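What follows is one structure encoded as C-alpha coordinates, with my remarks underneath.
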Amino acid sequence: MSKTTRSPIKDRPLRLPGQSLQEERADIWADKIEPWLMMAIFFLVLAGWEWFRYLNPQWTSPWLVTVFALLVIAFAAWRLARQLPRLRAIRLGMEGERAVGQFLERLREQGYHVFHDVLAEGFNVDHILIGPAGVLTIETKTWSKPVRGDARIAFDGTRLTVAGRTPDRDPLVQALAQAGWVKGLLAESTGRRYDVQPVVVFPGWYVEASPGAHRPVWVMEPKGLPAFLAREPVRVNAEDIKLAVFHLSRYVRSGERDRSPAI
(Lines give C-alpha, C1' and ligand atoms only; values in the text may rest on other atoms or scores of the structure.)
Protein backbone atom coordinates (compact mmCIF):
# COMPACT_ATOMS: atom_id res chain seq x y z
CA MET A 1 0.00 0.00 0.00
CA SER A 2 1.49 3.35 -1.06
CA LYS A 3 1.99 6.38 1.17
CA THR A 4 -0.78 8.20 -0.69
CA THR A 5 -3.44 5.62 0.17
CA ARG A 6 -4.61 3.91 3.32
CA SER A 7 -6.70 0.93 4.27
CA PRO A 8 -10.46 1.56 4.54
CA ILE A 9 -10.59 -0.78 7.55
CA LYS A 10 -10.41 1.35 10.70
CA ASP A 11 -10.55 -1.43 13.31
CA ARG A 12 -8.86 -4.79 13.33
CA PRO A 13 -11.35 -7.70 13.29
CA LEU A 14 -12.01 -9.63 16.48
CA ARG A 15 -10.24 -12.94 16.93
CA LEU A 16 -11.62 -16.32 15.87
CA PRO A 17 -12.10 -19.46 17.99
CA GLY A 18 -8.83 -21.33 18.32
CA GLN A 19 -6.80 -18.61 16.61
CA SER A 20 -3.92 -18.88 19.11
CA LEU A 21 -3.62 -22.61 18.46
CA GLN A 22 -3.77 -22.01 14.72
CA GLU A 23 -0.96 -19.46 15.01
CA GLU A 24 1.10 -21.83 17.17
CA ARG A 25 0.59 -24.60 14.64
CA ALA A 26 1.71 -22.33 11.82
CA ASP A 27 4.79 -21.29 13.81
CA ILE A 28 5.78 -24.91 14.42
CA TRP A 29 5.53 -25.69 10.72
CA ALA A 30 7.35 -22.54 9.67
CA ASP A 31 10.17 -22.67 12.24
CA LYS A 32 10.74 -26.33 13.08
CA ILE A 33 9.53 -28.47 10.18
CA GLU A 34 9.25 -26.66 6.86
CA PRO A 35 12.92 -25.54 6.57
CA TRP A 36 14.15 -29.10 7.07
CA LEU A 37 11.58 -30.53 4.71
CA MET A 38 12.66 -28.06 2.05
CA MET A 39 16.30 -28.96 2.63
CA ALA A 40 15.48 -32.66 2.44
CA ILE A 41 13.67 -32.12 -0.86
CA PHE A 42 16.59 -30.08 -2.17
CA PHE A 43 19.14 -32.78 -1.41
CA LEU A 44 16.83 -35.47 -2.74
CA VAL A 45 16.50 -33.63 -6.04
CA LEU A 46 20.26 -33.01 -6.10
CA ALA A 47 20.96 -36.69 -5.47
CA GLY A 48 18.53 -37.65 -8.23
CA TRP A 49 20.31 -35.30 -10.60
CA GLU A 50 23.67 -36.79 -9.71
CA TRP A 51 22.34 -40.28 -10.32
CA PHE A 52 21.00 -39.13 -13.67
CA ARG A 53 24.43 -37.82 -14.59
CA TYR A 54 26.04 -41.01 -13.30
CA LEU A 55 23.88 -43.20 -15.50
CA ASN A 56 24.78 -41.11 -18.53
CA PRO A 57 28.03 -41.36 -20.48
CA GLN A 58 29.61 -38.51 -18.54
CA TRP A 59 30.76 -40.36 -15.43
CA THR A 60 30.51 -38.81 -12.00
CA SER A 61 30.00 -40.15 -8.47
CA PRO A 62 26.66 -39.43 -6.75
CA TRP A 63 27.56 -41.14 -3.48
CA LEU A 64 28.63 -38.06 -1.53
CA VAL A 65 25.50 -36.09 -2.37
CA THR A 66 23.36 -39.16 -1.70
CA VAL A 67 24.84 -39.56 1.75
CA PHE A 68 24.14 -35.90 2.53
CA ALA A 69 20.58 -36.25 1.19
CA LEU A 70 19.91 -39.31 3.34
CA LEU A 71 21.29 -37.60 6.44
CA VAL A 72 19.16 -34.49 5.90
CA ILE A 73 16.07 -36.59 5.17
CA ALA A 74 16.63 -38.63 8.32
CA PHE A 75 17.04 -35.48 10.41
CA ALA A 76 13.95 -33.89 8.86
CA ALA A 77 11.94 -37.05 9.58
CA TRP A 78 13.18 -37.00 13.19
CA ARG A 79 12.18 -33.35 13.59
CA LEU A 80 8.75 -34.08 12.11
CA ALA A 81 8.24 -37.10 14.39
CA ARG A 82 9.08 -34.99 17.44
CA GLN A 83 6.51 -32.33 16.50
CA LEU A 84 3.69 -34.65 15.43
CA PRO A 85 2.25 -35.21 18.95
CA ARG A 86 2.08 -31.47 19.56
CA LEU A 87 0.56 -30.87 16.13
CA ARG A 88 -2.09 -33.51 16.78
CA ALA A 89 -2.88 -31.94 20.15
CA ILE A 90 -3.12 -28.50 18.54
CA ARG A 91 -5.43 -29.81 15.82
CA LEU A 92 -7.66 -31.45 18.42
CA GLY A 93 -7.71 -28.24 20.47
CA MET A 94 -8.54 -26.14 17.39
CA GLU A 95 -11.43 -28.43 16.47
CA GLY A 96 -12.78 -28.23 20.01
CA GLU A 97 -12.52 -24.45 20.28
CA ARG A 98 -14.14 -23.95 16.89
CA ALA A 99 -16.98 -26.33 17.74
CA VAL A 100 -17.58 -24.61 21.08
CA GLY A 101 -17.23 -21.19 19.45
CA GLN A 102 -19.88 -22.01 16.85
CA PHE A 103 -22.15 -23.29 19.61
CA LEU A 104 -21.66 -20.12 21.67
CA GLU A 105 -22.55 -17.95 18.68
CA ARG A 106 -26.14 -19.17 19.05
CA LEU A 107 -26.33 -17.40 22.42
CA ARG A 108 -26.32 -14.05 20.64
CA GLU A 109 -30.05 -14.63 20.11
CA GLN A 110 -30.41 -14.57 23.92
CA GLY A 111 -28.67 -11.21 24.26
CA TYR A 112 -25.09 -12.40 24.77
CA HIS A 113 -21.97 -11.00 23.15
CA VAL A 114 -19.25 -13.52 22.32
CA PHE A 115 -15.48 -12.95 22.15
CA HIS A 116 -13.09 -15.65 21.06
CA ASP A 117 -9.40 -16.18 21.79
CA VAL A 118 -8.76 -13.06 23.85
CA LEU A 119 -5.02 -12.67 24.33
CA ALA A 120 -3.37 -11.71 27.60
CA GLU A 121 0.29 -11.62 28.63
CA GLY A 122 1.48 -15.20 28.20
CA PHE A 123 -1.93 -16.87 27.91
CA ASN A 124 -5.30 -16.58 26.23
CA VAL A 125 -8.96 -16.88 27.19
CA ASP A 126 -10.73 -19.22 24.78
CA HIS A 127 -14.12 -17.50 24.94
CA ILE A 128 -15.78 -14.68 26.88
CA LEU A 129 -19.55 -14.23 27.15
CA ILE A 130 -21.11 -10.94 28.22
CA GLY A 131 -24.85 -10.81 28.70
CA PRO A 132 -27.76 -10.67 31.14
CA ALA A 133 -26.34 -13.36 33.46
CA GLY A 134 -23.03 -11.49 33.68
CA VAL A 135 -19.55 -12.04 32.34
CA LEU A 136 -18.30 -15.60 31.80
CA THR A 137 -14.88 -16.86 30.81
CA ILE A 138 -14.96 -20.23 29.07
CA GLU A 139 -11.98 -22.55 28.93
CA THR A 140 -12.36 -25.35 26.38
CA LYS A 141 -10.66 -28.66 27.09
CA THR A 142 -10.78 -31.01 24.11
CA TRP A 143 -9.27 -34.18 25.53
CA SER A 144 -9.20 -37.57 23.87
CA LYS A 145 -11.55 -40.14 25.38
CA PRO A 146 -10.48 -43.69 26.28
CA VAL A 147 -11.66 -46.41 23.92
CA ARG A 148 -12.65 -48.60 26.86
CA GLY A 149 -13.34 -48.06 30.52
CA ASP A 150 -14.66 -45.04 32.38
CA ALA A 151 -15.21 -42.15 29.95
CA ARG A 152 -16.63 -39.52 32.25
CA ILE A 153 -15.50 -36.43 34.09
CA ALA A 154 -16.39 -36.18 37.76
CA PHE A 155 -16.47 -32.87 39.61
CA ASP A 156 -17.25 -32.46 43.31
CA GLY A 157 -16.87 -28.69 43.46
CA THR A 158 -13.17 -28.63 44.31
CA ARG A 159 -11.62 -31.65 42.59
CA LEU A 160 -11.92 -32.83 39.02
CA THR A 161 -11.08 -36.29 37.69
CA VAL A 162 -10.97 -37.39 34.06
CA ALA A 163 -11.71 -41.05 33.42
CA GLY A 164 -10.89 -41.70 37.07
CA ARG A 165 -7.57 -39.83 37.01
CA THR A 166 -6.53 -36.40 38.20
CA PRO A 167 -5.21 -34.34 35.24
CA ASP A 168 -1.61 -33.15 35.34
CA ARG A 169 -2.67 -29.53 34.88
CA ASP A 170 -5.69 -28.48 36.89
CA PRO A 171 -8.14 -26.67 34.56
CA LEU A 172 -9.97 -25.24 37.58
CA VAL A 173 -6.92 -23.22 38.62
CA GLN A 174 -6.50 -22.04 35.02
CA ALA A 175 -10.18 -21.02 34.76
CA LEU A 176 -10.08 -19.08 38.04
CA ALA A 177 -6.94 -17.24 36.95
CA GLN A 178 -8.52 -16.28 33.62
CA ALA A 179 -11.68 -15.01 35.30
CA GLY A 180 -9.58 -12.94 37.69
CA TRP A 181 -7.67 -11.40 34.80
CA VAL A 182 -10.86 -10.47 32.92
CA LYS A 183 -12.35 -9.02 36.09
CA GLY A 184 -9.29 -6.82 36.59
CA LEU A 185 -9.22 -5.80 32.92
CA LEU A 186 -12.85 -4.66 32.96
CA ALA A 187 -12.45 -2.89 36.29
CA GLU A 188 -9.44 -0.97 35.00
CA SER A 189 -10.97 -0.07 31.63
CA THR A 190 -14.57 0.65 32.67
CA GLY A 191 -14.17 1.81 36.26
CA ARG A 192 -16.89 -0.65 37.29
CA ARG A 193 -16.70 -4.03 38.99
CA TYR A 194 -18.12 -7.01 37.12
CA ASP A 195 -18.47 -10.44 38.65
CA VAL A 196 -16.84 -12.93 36.29
CA GLN A 197 -17.92 -16.57 36.31
CA PRO A 198 -15.26 -19.09 35.19
CA VAL A 199 -16.51 -22.03 33.14
CA VAL A 200 -14.67 -25.14 31.94
CA VAL A 201 -16.29 -27.13 29.12
CA PHE A 202 -15.36 -30.58 27.86
CA PRO A 203 -16.79 -31.18 24.37
CA GLY A 204 -18.07 -34.71 23.90
CA TRP A 205 -17.56 -35.86 27.50
CA TYR A 206 -20.16 -36.90 30.04
CA VAL A 207 -19.69 -34.57 33.02
CA GLU A 208 -20.93 -35.84 36.35
CA ALA A 209 -21.11 -33.01 38.88
CA SER A 210 -22.08 -33.46 42.51
CA PRO A 211 -25.13 -31.43 43.64
CA GLY A 212 -24.15 -27.85 44.36
CA ALA A 213 -20.75 -28.37 42.74
CA HIS A 214 -21.07 -25.56 40.21
CA ARG A 215 -19.39 -22.88 42.33
CA PRO A 216 -16.98 -21.24 42.06
CA VAL A 217 -16.31 -22.88 38.66
CA TRP A 218 -18.90 -24.33 36.34
CA VAL A 219 -17.78 -27.61 34.76
CA MET A 220 -19.97 -29.06 32.00
CA GLU A 221 -20.38 -30.30 28.47
CA PRO A 222 -20.89 -27.14 26.37
CA LYS A 223 -24.42 -28.12 25.36
CA GLY A 224 -25.47 -27.71 28.98
CA LEU A 225 -24.49 -24.04 29.14
CA PRO A 226 -27.76 -22.54 27.79
CA ALA A 227 -29.75 -24.33 30.50
CA PHE A 228 -27.41 -22.96 33.17
CA LEU A 229 -27.73 -19.45 31.79
CA ALA A 230 -31.52 -19.72 31.61
CA ARG A 231 -31.64 -20.45 35.35
CA GLU A 232 -29.40 -17.52 36.26
CA PRO A 233 -30.92 -14.20 37.35
CA VAL A 234 -30.27 -11.00 35.42
CA ARG A 235 -27.11 -9.55 36.95
CA VAL A 236 -26.06 -6.94 34.39
CA ASN A 237 -28.28 -4.28 32.86
CA ALA A 238 -28.16 -3.32 29.19
CA GLU A 239 -26.04 -0.20 29.80
CA ASP A 240 -23.34 -2.11 31.68
CA ILE A 241 -23.36 -4.84 29.04
CA LYS A 242 -22.69 -2.28 26.30
CA LEU A 243 -19.95 -0.67 28.39
CA ALA A 244 -18.14 -3.98 28.98
CA VAL A 245 -18.53 -5.03 25.34
CA PHE A 246 -17.17 -1.71 24.10
CA HIS A 247 -14.06 -1.80 26.29
CA LEU A 248 -13.32 -5.47 25.65
CA SER A 249 -13.71 -4.92 21.90
CA ARG A 250 -11.33 -1.98 22.08
CA TYR A 251 -8.81 -4.06 24.04
CA VAL A 252 -8.90 -6.92 21.51
CA ARG A 253 -8.66 -4.65 18.48
CA SER A 254 -5.87 -2.62 20.03
CA GLY A 255 -3.90 -5.79 20.68
CA GLU A 256 -4.42 -7.00 17.11
CA ARG A 257 -3.31 -3.64 15.76
CA ASP A 258 -0.11 -3.79 17.84
CA ARG A 259 0.56 -7.36 16.74
CA SER A 260 0.02 -6.68 13.05
CA PRO A 261 3.06 -5.67 10.98
CA ALA A 262 3.03 -2.23 9.42
CA ILE A 263 2.20 -2.23 5.71
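The values are calculated or read from the model by the stated rules, or taken from the named source; none is laboratory data. Every value quoted in this text rests on a predicted model; they were computed, and no experiment measured them. Counting neighbours? That spans all protein chains shown, and the Cβs are built from the backbone with ideal geometry, glycine included. Just so you know, the surface numbers come from the protein's heavy atoms only, side chains and all, with ligands and any DNA or RNA stripped out. Shrake-Rupley method; radii C 1.70, N 1.55, O 1.52, S 1.80 Å.
Structural remarks
- Contact order, relative form, for the chain: 19 percent (alpha carbon pairs under 8 Å, 6 or more residues apart, mean separation divided by residue count).
- Computed over the chain, the per-residue total of -39500 (n - 2.57) for DSSP H runs of n ≥ 4 gives a 222 nm mean residue ellipticity of -16000 deg cm²/dmol, rounded to 500.
- Per the Debye calculation on the range 134-188 with a single equal scatterer at every Cα and no solvent contribution, log₁₀ I(q)/I(0) for q = 0.12, 0.17, 0.24 Å⁻¹ amounts to -0.37, -0.65, -1.00.
- Each label was represented as a point 7 Å from its Cα along the Cα-to-Cβ direction; for residue 37 and residue 71 these points are 2.4 nm apart.
- Accessible area per residue was computed with a 1.4 Å probe on protein heavy atoms; residue 54 scores about 80 Å².
- Rolling a 1.4 Å probe over the heavy atoms of the protein chains gives the range 86-180 an accessible area of 51 Å² per residue.
- When only Cα pairs below 8 angstrom with a gap of at least 6 residues are kept, the range 133-263 shows a relative contact order of 30 percent.
- With 20 Å as the limit on Cα-Cα distance, the pairs of 32/141; 141/223; 145/223 that go past it are 32/141.
- Three principal axis extents of the range 17-115 based on alpha-carbon atoms, in descending order, are 78, 22, 15 Å.
- Residue 207 - accessible surface, heavy atoms, 1.4 Å probe, Å² rounded to 10: 30 Å²
- Size of the chain as Cα extents on the principal axes (Å, biggest first): 87, 65, 28
- Additional length obtainable on full extension of the chain from residue 257 to residue 237, 0.36 nm per residue less Cα span: 4.2 nm
- Distant-in-sequence amide contacts of residue 219, defined by a placed amide H-H separation under 5 Å and a gap of 5 or more residues or a different chain, comprise 200.
- DSSP-loop GluC sites (Glu not before Pro) across the range 171-263, with at most 15 other Cβ within 10 angstrom: none
- Note on residue 68: accessible area approximately 100 square angstrom, rounded to 10, probe 1.4 Å, nucleic acids and ligands left out.
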